[in-house]
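Working notes, beginning with the structure itself.
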Amino acid sequence: MSSSMLSSTTSQTKIFFMGATGYIGGSVLNRLLSHPEASTFAITALVRSPSKASKLEAIGVNTVIGSLKDDALIESLAAAADAVISTADCDDDDIAKAYLKGMKRHFEETGKVPILIHTSGTGVLADRSAGYFRDVPVYIVLPSMIYGLASGRLVDLGIQNKFSSQVPQLIKAALGRGQAGMVGAGTNKWGAVHIDDVTDLYVLLFDLGRTDPDAIGHGREGFYFGINGECTLGEIGQAIGEKLVAIGRATTPEPTTFTEEEIKAYFRGSTFWGTNSRGVANRSHSIGWNPRKTEKDLLASVGPEVEAILKERSG
Ligand SMILES: NC(=O)c1ccc[n+]([C@@H]2O[C@H](COP(=O)([O-])OP(=O)(O)OC[C@H]3O[C@@H](n4cnc5c(N)ncnc54)[C@H](OP(=O)(O)O)[C@@H]3O)[C@@H](O)[C@H]2O)c1
């Protein structure tokens, strides 16, 4: 751990950040580094790559090298923080329990109530429930299908993953089978959100949460959807197919149904991309979230995404 975190003054906001090198986390961290109040933040990121840690240190982020599997470490880092931002793993209960324990300790030791911004996903609308509530202000962001290549300083420095999961997985499968695909008839729908728009939502919650935590819904009232538009998975398949035809990697733009073998090979046997996950981001809008990109931008993002994946493979 660098010494600056330990010596930070009380006027600083100490932030414990998980997932700093990831697609979502890197985008949020990038925004915090250029935030108007950035000089008052002492950000500590838990990372597992020593080389990425030194790149982060060079741009003013304190780092601790370690794993999200280390509950005691997570607890102690959370105990030292005024705000915890969790963007690494939305499904791991042990990680959540560890930082919640640490946040409780922070309150007991300092009398200051920390805030938590945790990442979930609108996948919960498809097949399971999520969320937990403790006696600290908890804001849970549920991004839908995030799309677009992440950009900015952390990407340029080779710190951050710039790819999302859903569209890139579908592109890789299409490249593998030489034709775009879909689960079943592809008439299922997912809400979508651009990476820059969902990043705005995190920063908005962070700003509102630390100034007046009770002014906006938290805990049971603290679920914030990141959704702005929706489309069918068949439409995404079609956009992938059109790009593949344009670059000579497929002969027809129409997506066809993935076979069972393909589902096993490309999606570890999961038909998750055959689910529907739909919602309306009323609460996010009510606190001033103003996303700009819609499903048209999602479909337009597919071409550049195909090119970026091919470039990464050839490089
Ligand atoms: N992308 C979407 O559309 C979307 C939508 C809704 C919800 N989500 C959820 O949000 C979460 C983050 O998504 P993402 O797209 O940002 O994923 P990502 O790019 O793969 O980022 C994951 C981050 O977690 C870190 N990490 C993973 N395991 C770790 C471990 N054992 N120890 C330390 N660090 C670890 C990674 O570090 P390394 O760089 O070392 O790998 C990286 O910083 C996931 O749970 C995902 O399911 C994603």
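The values are calculated or read from the model by the stated rules, or taken from the named source; none is laboratory data. All figures in this text were calculated on a predicted structure; none of them were measured in a lab. All Cβ positions, glycine included, derive from the backbone under ideal geometry; neighbour counts span all protein chains shown. When the accessible area is computed, the model is the full protein with side chains, heavy atoms only, and any ligands, DNA or RNA have been set aside. Shrake-Rupley method; radii C 1.70, N 1.55, O 1.52, S 1.80 Å.
Some observations on this one:
- Kyte-Doolittle at least 0.0, axis length at least 15 Å by Cα - qualifying DSSP helices, the chain: 23-33, 166-177, 195-211, 233-246
- If you take all other residues with their beta carbon under 12 Å from the beta carbon of Ile309, and give Lys and Arg +1 and Asp and Glu -1, the sum is +3.
- Extents of the range 148-206, largest first, come to 40, 26, 10 Å (Cα atoms, principal axes, whole angstrom).
- Largest-first principal axis extents, alpha carbons of the range 28-145, Å: 41, 36, 31
- Taking Cβ atoms as reference points and 15 Å as the exclusive limit, the residues near Thr211 contribute a net charge of -3, counting Lys and Arg as +1 and Asp and Glu as -1.
- Panel values: the range 162-315, Kirkwood radius from alpha carbon pairs, Stokes-Einstein at 37 °C and 0.692 mPa s, translational diffusion coefficient 194 µm²/s.
- The chain, helix-only ellipticity at 222 nm - DSSP H runs n ≥ 4, -39,500 (n - 2.57), divided by all residues, nearest 500: -13000 deg cm²/dmol
- Rg ratio for the chain: its Cα radius of gyration over 2.2 N^0.38 Å, N being its residue count, equals 1.03.
- Residues within the reach of a label modelled at Phe107 (point 7 angstrom out along Cα to beta-carbon, backbone nitrogen below 15 Å), restricted to the range 82-98, are 82-84, 97-98.
- Summed residue charge, Cβ within 15 Å of Gly226's Cβ, Lys/Arg positive, Asp/Glu negative: -1
- Taking all protein chains as shown and a probe of 1.4 angstrom, Arg313 keeps an accessible surface of around 140 Å².
- Entry note, the range 192-315: relative contact order of 38 percent, from Cα contacts under 8 Å with a spacing of 6+ residues.
- Cα-derived Rg over Rh, computed across the range 248-289 with Rh taken as Kirkwood radius: 1.26
- For the range 201-257, the Cα gyration tensor yields ellipsoid semi-axes of 43, 13, 6 Å (square root of five times each eigenvalue, largest first, whole Å).
- For the range 202-231, the residues whose backbone nitrogen is under 16 Å from a point 7 Å from the Cα of Thr187, taken along Cα to Cβ, are 231.
- When all alpha carbon pairs of the range 103-233 are counted in 5 Å bins from zero, the resulting P(r) reads 2, 9, 15, 17, 17, 14, 12, 7, 4, 2, 1, 0 %.
- Too-long pairs where the Cα-Cα distance tops 26 Å, listed order kept, from Lys189/Lys296; Lys52/Lys296; Lys69/Lys293; Lys97/Lys264; Lys55/Lys162: Lys52/Lys296; Lys69/Lys293; Lys97/Lys264
- Relative contact order of the chain, defined on C-alpha pairs under 8 angstrom at six or more residues apart (%): 18
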